[in-house]
Amino acid sequence: MASSTDRPTVSARPASSRGGGRAARLDQICSQAVELARDAIGADPDHIGPHAGTTTEGDRLVTHQFACLLPGYKGWRWAVTVTRIARSRNVTVCETALLPGPDSLLAPTWIPWQDRLRPGDLGVGDLLPTPSDDDRLIPGYLHSDDPAVEAGLWEPGLGRARVLSREGRAEVATRWYDGDPGPGAAIALAAPSSARCGLCGFYLPLAGSLRQMFGVCGNQYAPDDGHVVSADHGCGANSEVLLDVTAGVDKLPTVYDDSEVETVPEA
């Protein structure tokens, strides 16, 4: 016994999709052209399943659907659109297509290559060009709202072509602070509350507006040596983590009691 999902269905497109005020009625002549639609598919007959329903696309415009039996296309449907002119019983084929059904296995949504990149993907010899309209960058001759940039890098004809914009610096600061360089890193949470990078002698503050929150670790024994860290990041190699040396007990000289002499008989 066939299930309800195997039975042919009849549906109509919403009136709004066609720009009209009424829903088109199913054209009986077009809906009866099942064999014409089946022959128009042009595929191996073994790959064409039973008729799966019709959809009214518009006035005298009907799409027939057939189950697809092609290997690897489970849930897909052959779709054949037919039509006829007014006051004519001659039905003609408009187009054929293989369309996914509600249970079809589909490829993942397309993601542009620039949106697929993740930190660490760039390898040796790879090039990663930045678009000319990158919001993170502005031309070097414009004011960047960063005093350090204005003071040291604005040299007409000699400075950098582009520098970080306010949006670019905000994005960098957020990414660093929310990542491993920030206070939420496991090593920072395990460190003593007093062992913060901003109080460490090995902490080298950055220049510019990022100086207030970020610097570079200069302790060769710290895991973040040579990396950017936030001022409230921390680790056990902080310069202010001092060893509490407790005074030891002085070693006393050996004391001999010569008041009594034990006589040992000769053998």
Problem set entry | Dipole magnitude of segment 169-230, debye to nearest 20 (Cβ charges: Lys/Arg +1, Asp/Glu -1, about Cα centre) | 200
Problem set entry | Likely footprinting exposure, SER239, SER209, fewest C-beta neighbours within 10 Å first | SER239, SER209
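Quick check: net charge around VAL80, other residues with Cβ under 13 Å of its Cβ, Lys/Arg +1 and Asp/Glu -1?
-2
In nm, what is the difference between 0.36 nm times the number of residues separating ASN90 and ARG175 and their Cα-Cα distance?
On the way: separation 85, 0.36 × 85 = 30.60 nm, distance 6.55 nm.
Roughly 24.0 nm would be gained on extension.
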Exercise. What full-extension length gain, to one decimal in nm, is calculated for THR130 and GLU266 as 0.36 nm per residue of separation minus the Cα-Cα distance?
Worked result: 38.8 nm
Exercise. Residue separation times 0.36 nm, minus the C-alpha to C-alpha distance between ASP39 and ALA207: what's the value?
Worked result: 53.1 nm
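Rule-based calculations on the coordinates, nothing more; no lab input. Remember, predicted model here, so these are calculated numbers, not experimental data. Because the Cβ atoms are built from the backbone with ideal geometry, glycine has one as well, and the counts that use them run over all protein chains shown.
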